């Protein structure tokens, strides 16, 4: 099990009319990251936030802003989100024919580089780039909507990726983030498989007491 994982609440599930309150809850709950899902209604069937919202979030938090681009032509949005205050930018391997160019572009902005995989995309697709990046985001649901159920086969994918990172001796350099259907009842399974960062949306922000839920997550993972 990962002894000290990081929690990344997804503001996609928060009240968009009061994101300041969501940030305050993340502070009180001890979350390390703020996960920002960017969707363009083309790569995935939903439309969410742009750089101005990230710029506003940056004003009110010092936490790591973890921007997940679920968009076509991600290269067009790297620099705008970097300027807005993102700390890390993750793009989908399926969204480009030139992943190396996007890796270089993100590196040139000084931000952490992440690559994400849809549930059906083989891990081998990102293997050539592992030693150049900071994070792999395993989607454990089909990207596009919050509130979906965790795909059970994701657990083996996490384990397989962890073994690959260990084989390449980069398990301390490249973190594994998991996004989709993470609940209190399955978090331990995901951590045991090798996850370093848990993206959690509805389980936190749809709860009666989001702060308490975050604190419970940390007791599950860090004991």
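Derivation of every value follows stated rules applied to the coordinates shown; laboratory data play no part. On a predicted model such as this, the values are computed, not experimentally measured, just so you know. Cβ atoms come from the backbone with ideal geometry, glycine included; neighbour counts cover every protein chain shown.
Considering Cα pairs under 8 angstrom that are at least six residues apart, work out the relative contact order of segment 6-221 and quote it in whole percent. Could the numbers behind the result be given before it?
Details: 427 pairs, mean separation 46.1, N = 216.
Relative contact order for segment 6-221 comes out at 21 percent.
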Task: the chain - mean residue ellipticity at 222 nm from DSSP helices (-39,500 (n - 2.57) per run, n ≥ 4, rounded to 500) - done: -10500 deg cm²/dmol
Open item on the list: Can you give me the Kirkwood hydrodynamic radius for segment 49-90, using every pair of distinct Cα atoms, in Å to one decimal?
Closed with: 10.2
TODO: Report, to two decimal places, the Cα Rg of the chain normalised by 2.2 N^0.38 Å (N = number of residues).
DONE: 0.93
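Could you list 26, 169 in order of exposure, starting from the residue whose Cβ has the fewest other Cβ atoms within 10 Å? Intermediate values should be presented prior to the final figure.
Working: 26 26, 169 9.
Ranking 26, 169 by Cβ neighbours within 10 Å, fewest first, gives 169, 26.
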Task: Projected area, mean over directions - segment 1-84, Cα convex hull, nm² - done: 6.4
Open item on the list: Could you work out the relative contact order of segment 106-182? I mean the mean sequence separation of Cα pairs under 8 Å and 6+ apart, divided by the number of residues, in percent.
Closed with: 35
TODO: From the P(r) of segment 156-209, can you give the percent of Cα pairs sitting at distances over 15 Å?
DONE: 49
Open item on the list: Using a Gaussian network model on the chain with a 10 Å cutoff between Cα atoms, which of 150, 33, 129 fluctuates the most?
Closed with: 129
Task: Scattering profile of segment 127-184 at q = 0.12, 0.21, 0.25 Å⁻¹ [log10 I(q)/I(0), Debye over alpha-carbon scatterers] - done: -0.31, -0.80, -0.99
